[in-house]
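Single-structure report; data block below.
The values are calculated or read from the model by the stated rules, or taken from the named source; none is laboratory data. Just so we're clear, the structure is a prediction, and the values are computed from it rather than from any experiment. Counting neighbours? That spans all protein chains shown, and the Cβs are built from the backbone with ideal geometry, glycine included.
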Amino acid sequence: MKKYFSLYLVFSAFLFAFSCENGGHDSNLAADFEEFLDIPLTEQPPPPEEEIFMDNQTAFERKLIRRGYLEISSGDIQADYATIKKLVSRFQAYVESENLNNHKDRVSYNFNIRVPSDTYSSLMDTLSTVGGSLINKSSNVEDVTNRYRDLEATLKSKKMLEERYRELLSKSSEIRDMIEIERNLSNIRNEIEINESRFKSLGNDIAYSTISVYLHQDLRKSTVYSDSFGGKLLKSLATGWNLFVYMVLLLVRLWPFAILGVLIWFLVTRMRSRNNKT
């Protein structure tokens, strides 16, 4: 009986000590809060892994960015230009940028086309048939799955941390603590906005692939320079004019020698006239 009584006393003493320890927990709440605020944002504990990622099917879905390039030689650049515009509309794509270069012997268009990724290959194959001949075709795929998941996890973690700060702010009554929490909230909100912008841009690149098209026409191969008599005549006239311009430019470049020749001729003529007088 004494044995059981001794065990009862030991157990009671343990319960008393434990209750005292819990009673002091509320008094140390402010100290724990200050310790939490002192932890740098980058060292805040991340949320559990199962809360960061979505279901297995979404988590392991590959995130790919597709880019293609086409160089097309055209016999009628305006007709091919209109064809490309129609194809862009048919495939629910859009022209992100377009540049026209109009030179003396060549006209060219540069397109940047954004197309939904699921119709990227179809549009590439269809554009390859436009124009007189396909000069160059290339395509590459970039796997950005890890970057996408890292940004997604970072956003979720920072948003959860933001919620924790907001909860603390609603429970805080000290001005100093409120100022500190609001400062941290502002910092974390800026980081969230930056990461959201990156995440949105990356998602747009995944959803819409890019096709760059260089369409050009060599005017020297047009009907003006054909093998007909009129074409040969025009070509000969152009060649003669180019030769005349070249000779004029050559004379202009040799002007110091021309002046030197004139001086030598003047001196020789004067010396001869003196000899004749003697």
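Filtered by the rule that a residue be part of a helix (DSSP H, G or I) and surrounded by 12 or more Cβ atoms within 10 Å (Cβ to Cβ), the range 171-182 gives Asp177, Met178, Glu180, Ile181, Glu182.
The set of residues in the range 69-99 being polar (S, T, N, Q) and within 26 Å of the chain's Cα centre (by Cα) consists of Ser89, Gln92, Ser97, Asn99. Keeping to the range 125-148, report how many residues are more than 19 Å from the chain's Cα centre (by Cα) and surrounded by 15 or more Cβ atoms within 10 Å (Cβ to Cβ). Count: 5.
Here Glu191 clears all of (1) under 29 Å from the mean Cα position of the chain (by Cα); (2) surrounded by 14 or more Cβ atoms within 10 Å (Cβ to Cβ); (3) closer than 30 Å to His216 by Cα except the condition numbered (3). Any chance the range 160-175 includes a residue that's in contact (Cβ under 8 Å) with a residue 40 or more places away in the chain, hydroxyl-bearing (Ser, Thr, Tyr) and outside the structural domain of Ala238 (by TED's automatic domain parsing)? Yes, the conditions are met somewhere in the range 160-175. When Glu163 is tested against (1) within 29 Å of Glu61 (Cα to Cα); (2) in contact with a Lys or Arg (Cβ under 8 Å, 6 or more places away or on another chain), only condition (2) is not met.
Of all residues in the range 127-140, one or more are part of a helix (DSSP H, G or I), closer than 30 Å to Tyr109 by Cα, touching a residue at least 60 places away in the same chain (Cβ under 8 Å) and touching a strand residue (DSSP E or B) at 6+ places or on another chain (Cβ under 8 Å).
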